[in-house]
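One structure below.
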């Protein structure tokens, strides 16, 4: 059974996430003196979204940079200017995910030691 309120909530949250991500790309580009227009940040976001759908190395290393530099180049930015921006974006996203992950571990009362111990012995209950 379709629940319209939940569907609308999901769509609103998705829209908010995309707006935040596009804004982050815009801010990072401007912090590195790249005059990227707000609409161009969403074009870049679209290309980066395509990049992560392809089979690739862990962390999207290489593919994200290729698609990002190509997108920026198609918007008229030189490749040697685009690469540092894409590397900064990739680094920011990686750092953000790490920080949120560490916070989530702490919030759940877990530690890296507990996780590694369970990896070695999957029968261990991580809630011990």
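The values are calculated or read from the model by the stated rules, or taken from the named source; none is laboratory data. Quick caveat: nothing in here was measured; it's all calculated off a predicted structure. Note: ideal-geometry Cβ built from the backbone for every residue, glycine included; neighbour counts use all protein chains shown.
Below, the figures for the structure above:
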item: Matching entry among 114, 63 (being crowded, with 16+ Cβ neighbours inside 10 Å, farther than 13 Å from residue 28 by Cβ and touching a helix residue (DSSP H, G or I) at 6+ places or on another chain (Cβ under 6 Å)); result: 63
item: Flag for residue 35 being loosely packed, with under 14 Cβ neighbours inside 10 Å, at pLDDT 95 or above and not in a helix (DSSP H, G or I); result: yes
item: Filtered residue count, the stretch 1-36, keeping only those that are under 15 Å from residue 81 (Cβ atoms) and more than 14 Å from the chain's Cα centre (by Cα); result: 8
